[in-house]
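So the structure is just underneath, and the comments pick up after that.
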2 protein chains.
Amino acid sequence: MGDNLFDAIDETIHAKARLGIMSLLAVHGQCDFKFLRDELQLTEGNLGNHIRVLEQAGYIDVQKTFVGRRPKTICSPTELGMNMFQQYIEGLERIIRMAQPPHRKS
Amino acid sequence: MGDNLFDAIDETIHAKARLGIMSLLAVHGQCDFKFLRDELQLTEGNLGNHIRVLEQAGYIDVQKTFVGRRPKTICSPTELGMNMFQQYIEGLERIIRMAQPPHRKS
């Protein structure tokens, strides 16, 4: 096994909640804060912390607007974020190929 | 996206170091402590902590022996551990399929 196999696992994305956020952004392009909260079943505080980590890494953009008097927070992936997510997924695929037991039922 | 997609991510395995340990055990069947330390480039204290988490979850067995006067620690996966690892990998595969951008270069 190469030393680099697990180095490719970007901890900024790997945390379960952030993997969820980045996956949903990869699928939907952009997501409302409340949608992410409900899909990932996170508290607002917890989701807010993970969004901040991704924003500070430059992986997502966060835009706060109002719809009427209601605040609305829209997250969208940056080009850097999508590139890092793609690399992360490719890293996982390499680990899966390596670790897959040869006698696995399929 | 189903609510269960990220629930399948077992946090006991998901932590990067423990994913490394379980992957190596899946490939090699059993591994010496020093081998894991070198492959995963972890400190002994850090590796010891992660091994304890996996042992307490019942995912691995740890046997301490001596070779001459040198202590030797052998880790091997339990049947439960291999089943949970297989489920974890299948969960990752589902996330990858869901999150994969359709225009991905391959």
Heavy-atom accessible surface buried between B and A, both sides counted, 1.4 angstrom probe, nearest 100 Å², is 2900
How high is the relative contact order of the stretch A:33-106, in percent, with contacts defined as C-alpha pairs under 8 Å that are six or more residues apart? 21
For chain A, with the dipole built from +1 on Lys and Arg beta-carbon atoms and -1 on Asp and Glu ones, taken about the Cα centre, which of A:F6, A:Y88, A:F35 lies farthest toward the positive end? A:F35
How much space per residue, in cubic angstrom, does the convex hull of the C-alpha atoms of the stretch B:11-90 take up? 85
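Tell me, which longest segment in chain A has none of the trypsin sites (Lys or Arg not before Pro) that fall in DSSP loops with at most 10 further Cβ atoms within 10 Å?
My reading of the result: A:1-68 is the longest stretch.
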Report Rg/Rh for the protein assembly as shown, rounded to two decimals, where Rg is the Cα radius of gyration and Rh the Kirkwood radius. 1.03
Sorted shortest first, the nm distances from the B:F35 label point (7 Å along Cα→Cβ) to its counterparts in the other copies are 4.7
Pairwise label distance in nanometres, A:K64 with B:E55, each label 7 Å out on the Cα-Cβ vector: 4.8
Computed, not fitted: 222 nm per-residue ellipticity of chain B from DSSP H runs ≥ 4 (each -39500 (n - 2.57)), nearest 500, equal to -17000 deg cm²/dmol
What are the GluC sites (Glu not before Pro) within the stretch B:22-106 that DSSP puts in a loop, where the Cβ has at most 13 other Cβ atoms within 10 Å? none
State to the nearest 20 debye the size of the charge dipole of the protein assembly as shown about its Cα centre, where the only charges are +1 on K and R beta carbons and -1 on D and E beta carbons. 80
Name the long-range amide H neighbours of A:K72: under 5 Å, sequence gap of 5 or more, or other chain; modelled H, no Pro or chain starts. A:T65, A:F66, A:V67
Exam field: B:G68 pseudo-label spacings to other copies (7 Å along Cα-Cβ), nanometres: 7.9
Under DSSP H, which helices of chain A have Cα atoms covering 15 Å or more of the helix axis and a Kyte-Doolittle average no less than 0.5? A:16-28
Electrostatic dipole magnitude of the stretch A:15-90 [Cβ: Lys, Arg +1; Asp, Glu -1; Cα centre; debye, to 20]: 380
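The values are calculated or read from the model by the stated rules, or taken from the named source; none is laboratory data. Nothing here was measured: the structure is a model prediction, and the numbers come from that model. Virtual Cβ from ideal backbone geometry, glycine too; neighbours counted across all protein chains shown. Note: areas computed on protein heavy atoms with side chains; ligands, DNA, RNA excluded. Shrake-Rupley method; radii C 1.70, N 1.55, O 1.52, S 1.80 Å.
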